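I have placed the structure first, in the form of structure tokens, so that the comments after it can refer back to it.
Derivation of every value follows stated rules applied to the coordinates shown; laboratory data play no part. Computed from a prediction, not measured in an experiment: that's the story for all the values here. Every residue, glycine among them, receives a Cβ derived from its backbone with ideal geometry; neighbour counts consider all protein chains shown.
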């Protein structure tokens with residue numbers, strides 16, 4: 001049986017848990033991953049082909065050759081629903097908002113569609129294993145093609161509840177199916193209440209560890225020097241791994257991604273765009289907002305991220321969400337729009353989604369922009385309703401007993417209390433319901449989440465050598481790791 005894997009080394013613990021399974025179960029392991037992980041595969045996998053992501057994103061085989069496949073009318077029609085989503089994903093692979101035009105995207109979409117069908121056929125792939133939900137242009141197409149061909153496909157991912165919990169899915173839309181499993185995976189205990197209590201009993205939002213301010217000129221120069229140093233170590237004129245910096249005037253397959261040094265310079269100017277975007281938002285936002293008004297709190301997710309593409313589908317377009325809200329918004333209500341702080345983080349790529357005119361386009365007398373540093377809990381507590389595409393603010397608002405609605409596929413979508421918004425009528429009914437909240441089922445659903453997931457031992461490791469060293473020294477809980485391994489493999493082998 002031949003298996004295709006995608007990004008298994010992005011979390012070294014995933015690779016370590018599966019390397020024996022791949023050797024025992026697979027005649028051939030075709031692995032798509034970052035170039036610096038090839039040595040890990042060569043040391044641990046017996047029969048493998050390693051494909052650098054720089055090739056897969058161009059629709060090329062591991063040896064940079066084209067894979068032929070003839071797309072027919074039925075395939076084009078059957079895949080039309082995801083075509084637009086792929087075009088939006090392609091925004092991650094340009095150096096600005098202009099170079100990757102519609103014709104280029106269309107041509108590359110069909111190249112990747114042929115690549116996915118051709119790759120699976122050429123190597124007789126019978127199983128696919130992804131780490132995290134596929135959210136790159138070629139990984140999402142690979143996932144959709146495998147599903148179309150009825151090939152067993154598994155997504156190994158996680159959810160966060162004060163700690164990282166393991167989830168294994170077969171679908172993007174139907175996330176966390178184990179939630180409805182009557183058989184428990186683990187026991188809920190008092191320590192599992194820590195995250196719940198911190199949110200429930202605090203009036204002030206405690207920012208997650210990843211929300212650090214790094215959006216001034218000092219950080220701009222710091223990251224420039226850091227990138228140049230990385231370029232020196234990797235080879236100044238070597239093709240970069242940083243895919244988002246490429247210029248795509250030509251057909252993707254025909255060109256190269258920028259060199260390491262070019263990538264560093266491009267990112268300097270892209271980070272300048274983020275600083276400019278922050279100034280524009282700050283000029284439009286209010287620091288001392290009136291919390292006595294009736295308002296709906298809209299907290300958009302960070303973009304570009306898997307949480308919106310593909311998880312939010314059509315509603316990855318925030319203008320569409322705001323149009324839906326404004327269509328049904330009562331006369332005496334307002335929308336308080338609070339931008340995600342990571343939009344202005346210089347290590348993110350928000351310049352690809354939000355250009356300097358974005359906030360002008362969504363401006364409306366009914367929309368009040370809130371300072372991104374404003375305390376989120378204070379806003380949740382005073383809001384009439386909290387809206388999010390798929391964000392964790394929805395979970396926080398549920399814990400604080402507020403009405404919550406979502407537009408995409410968050411992992412908590414199966415909870416009984418939050419409302420999925422599919423049309424303006426759904427939102428109109430929710431707003432017209434004068435009850436402040438109706439979260440009577442929430443705590444039971446919260447407990448159930450812990451009972452249907454496993455604590456993910458080893459999740460925080462990003463260095464494979466360090467992980468292996470600590471495994472050898474028995475610094476991780478082997479009993480938990482053994483349970484995780486058995487569970488993942490059982491889900492991979494499940495053909496349903």
Original post:
Taking 1 over the mean of 1/r across every pair of different Cα atoms in the stretch 217-448, what Kirkwood radius in Å do you get?
Top reply: 19.5 Å
Original post:
Listed highest first by mean packing, meaning other Cβ atoms within 10 Å per residue, what order do 265-275, 436-446 come in?
Top reply: 265-275, 436-446
Original post:
Which order, highest average first, do 480-492, 47-59 follow once you tally other Cβ atoms within 10 Å for each residue and take the mean per peptide?
Top reply: 47-59, 480-492
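For the stretch 1-141, what is the convex hull volume of the alpha-carbon atoms per residue, in Å³? Walk me through the numbers before you get to the answer.
Details: hull volume 16.2 nm³, N = 141.
With only Cα atoms used, the stretch 1-141 gives 115 Å³ per residue.
Given a cut-off of under 8 Å on Cα pairs at least six residues apart, what relative contact order in percent is computed for the chain? Intermediate values should be presented prior to the final figure.
Details: 774 pairs, mean separation 86.6, N = 496.
Computed value for the chain: 17 percent relative contact order.
Going by how many other Cβ atoms sit within 10 Å of their own, how do 5, 324 line up, fewest first?
Numbers: 5 25, 324 20.
By the 10 Å Cβ count, ascending, the order reads 324, 5.
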Original post:
Over the stretch 1-51, what is the relative contact order in whole percent, taking alpha-carbon pairs under 8 Å and six or more residues apart?
Top reply: 42 percent
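Could you rank the peptides 167-179, 225-237 by their average count of other C-beta atoms within 10 Å per residue, with the highest value first?
Values: 167-179: 18.1, 225-237: 14.1.
The peptides rank, most packed first, as 167-179, 225-237.
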**OP:** Any chance you could list P(r) for the chain, counting all Cα-Cα pairs in 10 angstrom bins from zero, rounded to whole %?
**Re:** 4, 18, 28, 28, 18, 5, 0
Original post:
Alpha carbon centre of the stretch 364-402 versus the stretch 439-496: separation in Å?
Top reply: 31 Å
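For a quick check: sort 37, 376 by the number of other beta carbons within 10 angstrom, fewest at the front. If you can, show how the numbers build up before the last one.
Values: 37 20, 376 23.
Least to most surrounded, the residues fall as 37, 376.
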Subject >> Residue order, fewest to most beta carbons within 10 Å, for 371, 360 >> reply: 360, 371
**OP:** Let me see the pair-distance distribution of the stretch 386-496: every alpha carbon pair, 10 Å bin width, integer percents in order.
**Re:** 12, 30, 23, 21, 10, 3
